[in-house]
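The block underneath contains the structure these notes are about, expressed in structure tokens.
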Amino acid sequence: MLRRRIRSRAPRTALFSTLLVLIAAGCSETESPSDPDVDLPPVTDSEGTLPTVRNEPGDFTLDAHRTDLEIPAPPSGTWVLRDRESGSLITADGWAFEGPLAEAGVRLPHLAKTSAFWFAWSVFHPGSEIWGRDAAVRDAVIRSDGDCLVPCDQIRRNLPRDAIPSLPNPGPPQGSPRFADAGSSDAAYLRPGDMVIGLFDGTEARAYPHNVLWWHEIVNDTFGGQPLSVSFCPLTGSALVFSASRSAFGVSGNLYNSNLVLYDHDTASLFSQMRREAVTGERRGEILEEVPFVETTWERWQQMHPGTKVIASSTGFSRDYTRYPYGDYRSDDRDTFSVTDPSPDPQFPGKALVTGVHVGDVSRAYVHSEVRETMGNRTAFRDEIGGLPVWVLYDSADTFLQIVHAGDPEFELDLEWTRLP
């Protein structure tokens, strides 16, 4: 077993205690997500489609901006977007529901993105642009090594494979995870400000809370006709959603630069979550196909989608989904869990929140604090990334930052936030 290089500091006590809990709980043979005592209604697949994107122009054709679905208006008091030119109203996640744009069936497709702590983004994406600053992320080189696309000795085993159990777990997928209505007792573990990863395909909405992902890190699901894996690494604060059309994913027990290393159930190849690719194994060099998602508070997601389903607390595992298991890790800017190579760029505090995107050869980081200080607490502004025109939609109150394609070429949008009466 490879040894980790770590700094000796008091916060480690809580982290190591968590690892011991995860080992003990994850390796229990008496717990299973298919436990017969779990009695919740099955999930019905939605009727829409949820495409993967590469953030290339071909992902945003005319068809990508059109829908024949009728999107209901969000409840009174919900913040939505208004197009000043046409007066049309658009949901925060890009679906026109009132006015000429709604009649034309216009929607604004999301770009694939990564959310993460600043230290992790700067380590994994050196040289990337920083919105609002002339300076880029400090440049560095991550070298290939033997059979690995990163130094093999830096892919470090911390836990046994599947000790942190994905849902479902282990082995090949055993159906979908269980979901519950937002108002049910199985959703009572969530507080309004808890963060969720949200998916909406025009007919159905689902929420994958951080609370569950702190303990499971990967949820394998089928949604909008797409097998997918929702992933979240608590140590790097990073959320990504991948296509799982070839194979579902599990938690390998390895870390690379403190970040989750997934393994696929088909070949056991190891995938670096934030690199979005297989770093060793049969699928080495394969870039994962990404599925765009929304990340925001549970309260805001329910406002956007009152009929949403959410992962039920009855997972079949004994976990306290109200408790963050890593102590003060989220607020300790110095703590990166293990030493990283390259070292983090010091331009921002280590745990500053980042929404990052890749368009062709261009990578760009939107640091939430920088957007807030420059543009205000709630803003919508145009931008261009690698030649691709986009709108950046930001609301600090709900930790909401979305990047959508600028729109159907037939329309010149001029967006602003407005609150429904």
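The values are calculated or read from the model by the stated rules, or taken from the named source; none is laboratory data. Fair warning: this is a prediction, and the values are worked out from it, not measured in the lab. Every residue, glycine as well, gets a Cβ built from its backbone with ideal geometry; the counts of neighbours run over all protein chains shown.
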Counting only residues that are of a type outside the set (S, T, N, Q) and exposed (fewer than 15 other Cβ atoms within 10 Å of the Cβ), which one in the stretch 307-329 is nearest to Ala140 (Cα to Cα)?
Asp328
Of the conditions (1) under 27 Å from Thr91 (Cα atoms); (2) in contact with a Ser or Thr (Cβ under 8 Å, 6 or more places away or on another chain); (3) of a type outside the set (Ser, Thr, Tyr), the single one that Gly350 does not satisfy is (1)
Wholly within the stretch 58-152, which strands (runs of 3 or more DSSP E) include no fewer than the required count, namely at least 3 residues that are surrounded by 16 or more Cβ atoms within 10 Å (Cβ to Cβ), modelled with pLDDT of 95 or more and touching a Gly at 6+ places or on another chain (Cβ under 8 Å)?
114-117
Members of the stretch 81-116 that are of a type in the set (Gly, Ala, Ser) and out of contact with any helix residue (DSSP H, G or I) (no Cβ under 7 Å at 6 or more places or on another chain):
Gly87, Gly94, Gly99, Ala102, Ala104, Gly105, Ala112, Ser115, Ala116
Residues (of a type in the set (A, V, I, L, M), under 20 Å from Val279 (Cα atoms) and over 24 Å from the mean Cα position of the chain (by Cα)) located in the stretch 112-159
Ala140, Val141
Based on this model, can you work out whether Ile71 counts as over 23 Å from Val241 (Cβ atoms), under 25 Å from the mean Cα position of the chain (by Cα) and among the β-branched types (Val, Ile, Thr)?
no
Select from the stretch 372-402 the residues that are touching a Ser or Thr at 6+ places or on another chain (Cβ under 7 Å) and not charged (D, E, K, R) and write down the one among them that is surrounded by the fewest Cβ atoms within 10 Å (Cβ to Cβ).
Asn377
Considering only residues of the stretch 270-289 that are among the acidic types (Asp, Glu) and in contact with a strand residue (DSSP E or B) (Cβ under 6 Å, 6 or more places away or on another chain), which is surrounded by the most Cβ atoms within 10 Å (Cβ to Cβ)?
Glu289
Those residues that are buried (at least 19 other Cβ atoms within 10 Å of the Cβ) and among the hydroxyl-bearing types (Ser, Thr, Tyr), I need them from the stretch 347-371; list them, please.
Thr355, Ser363, Tyr366
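I'd like to know if the stretch 175-195 contains one or more residues that are among the hydroxyl-bearing types (Ser, Thr, Tyr), part of a strand (DSSP E or B) and under 19 Å from Ser243 (Cα atoms). Explain how you work it out, then say what you get.
Let us first name the residues in the stretch 175-195 that are among the hydroxyl-bearing types (Ser, Thr, Tyr), namely 176, 184-185, 189.
Narrowing the set further to residues that are part of a strand (DSSP E or B) leaves none.
Taking every residue of the stretch 175-195 in turn, none turns out to be among the hydroxyl-bearing types (Ser, Thr, Tyr), part of a strand (DSSP E or B) and under 19 Å from Ser243 (Cα atoms).
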